1. When a/c reaches 1.5 or more, the comparison of a/b and b/c decides; with that in mind, is segment 40-120 rounded, prolate or oblate per its Cα gyration tensor?
2. Among the complete DSSP H segments of the chain, which ones combine at least 27 Å of alpha-carbon extent along their axis with a mean Kyte-Doolittle hydropathy of 0.0 or more?
3. Mind listing the Cα extents of the chain along all three principal axes, in Å, largest one first?
4. Rounded to the nearest Å, what's the spacing between the alpha carbon centres of segment 277-331 and segment 210-268? Just the number, please.
5. In whole angstrom, and with the biggest value first, how far do the Cα coordinates of segment 43-172 range along each principal axis?
6. Indicate the gyration tensor shape class of segment 222-277 (rounded, prolate or oblate), computed on the Cα atoms with a ≥ b ≥ c the square roots of the eigenvalues: a/c under 1.5 is rounded; otherwise a/b larger than b/c is prolate and the rest oblate.
7. Determine the alpha carbon to alpha carbon distance for each of 262/333; 74/110; 269/333; 181/269; 69/181 and list only those over 27 Å.
8. Can you give the calculated 222 nm mean residue ellipticity of the chain, where each DSSP H run of n ≥ 4 adds -39,500 (n - 2.57) and the sum is split over every residue, rounded to the nearest 500 deg cm²/dmol?
Amino acid sequence: MAKRGKIKKKQNSVVRTLNAFLTLVVISMVVAIGLIYFGLTKFHEPGQIKQDTVFVVPEGAGLNAIAGKLEDEKIIESRYVFRFGAIATDVDAGLKRGEYMLPANASMRKILDTLIEGRPIQYSVTIPEGFTSWQIVERLRSSEDLTGELADVPAEGTLLPDTYSFERGSSRATILAEMTKAHDVAVAEIWETRQVDLPIKTVEEFVILASIVEKETGVAQERPEVAGVFVNRLNKGMRLQSDPTIIYGINQGQGPLGRGLKRSEIDAKTDYNTYQIDGLPIGPISNPGIDSLKAVANPATTDALYFVADGTGGHAFAASYDEHQKNVAAWRKIEKERAKAAEEAAKKAAEEEEAAANAVSIEENATPTDN
């Protein structure tokens, strides 16, 4: 009887232990399910940012680092919930570097989706047609959104002016590489469409003439006619006599000259002075855009051999020297009238400034009267 009692007592002890263990397991499961439910609820509920917010994912940052950064910047409430949600939904991979715009009230799930599927914020740099390579490098250096140094200035006429998009932190060298590639593609395609009887025989000559056309006019619709004038002059063995080529020979494209040309500069024989040399200069004087390249490939059919500014932003074209001289005289008259108007405006402004200063002086020196 005693032995049977001991066995029963031992069995009861095992049962109690087993019951306690099962109870603990059940409680643990309930707690775990509760935590999972709580975590997923927090993961999907509207977030705490009240307005659109920029967030930067650093290069090489993993899930843990990104979750911590989100919490530190008070974009999310808990890094642990964010990490748990990412792992639980099996989207903890694919996070890539970049700058992202997170929408107001975005849930952690929405934030995670944005960092994985969203496109990073895009910035852009615009390179105007006719910029020299030196000017392009200076513009890229001035952009605070780009990184990296540029040790050298690319060869003139090897970059395509356009607007280029990039992510913050992209390298300046990368943008230059894109511009070089875009130039090579555009030049090759347009060169294939050229007229067969052009007096330019190589791609290099093609780009040189396009760079001159680019600097001669900012009016897109008249570029084919400007190109036609230069083609006519080349065909007749006439010198191009382009002022921008002289300027490039003086400053090598490092910004505008900022003044008129001197007679000594026009008379100086350099590799770029098309008043003094036959044919094309030794190299491009700018980076021509698509329109100028197309204009040289297919110039307008014209008898014109000369052109001069007409006062409207465009040019007056002439087939004879006498006609050209009349156009030049008309332009000189416009220049003279503009100079006179500018002088009169400056004089009037000075008089008004002096009158205003005198009025202030009288007021300051006036003696107050007693009422």
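1. Working: a/c = 1.39, a/b = 1.06, b/c = 1.31.
Rounded is the answer for segment 40-120, as its axis ratio a/c remains below 1.5.
2. Working: long enough: 2-44 (62 Å, 0.60); 172-191 (28 Å, 0.38); 321-365 (65 Å, -1.20).
Span-like helices in the chain: 2-44, 172-191.
3. Projected onto its principal axes, the Cα set of the chain covers 141, 92, 33 Å.
4. Taking the Cα centre of each part, segment 277-331 and segment 210-268 sit 8 Å apart.
5. For segment 43-172, the Cα extents along the three principal axes come out at 55, 26, 22 Å.
6. Numbers: a/c = 2.45, a/b = 1.52, b/c = 1.62.
Oblate, since a/c reaches 1.5 and b/c is not below a/b.
7. From 262/333; 74/110; 269/333; 181/269; 69/181, over 27 Å: 269/333; 181/269; 69/181.
8. Details: 12 runs with 198 residues, N = 371.
Mean residue ellipticity, 222 nm, calculated: -18000 deg cm²/dmol.
FYI, it's all coordinate maths here, none of it is from the lab. Every value quoted in this text rests on a predicted model; they were computed, and no experiment measured them. All Cβ positions, glycine included, derive from the backbone under ideal geometry; neighbour counts span all protein chains shown.
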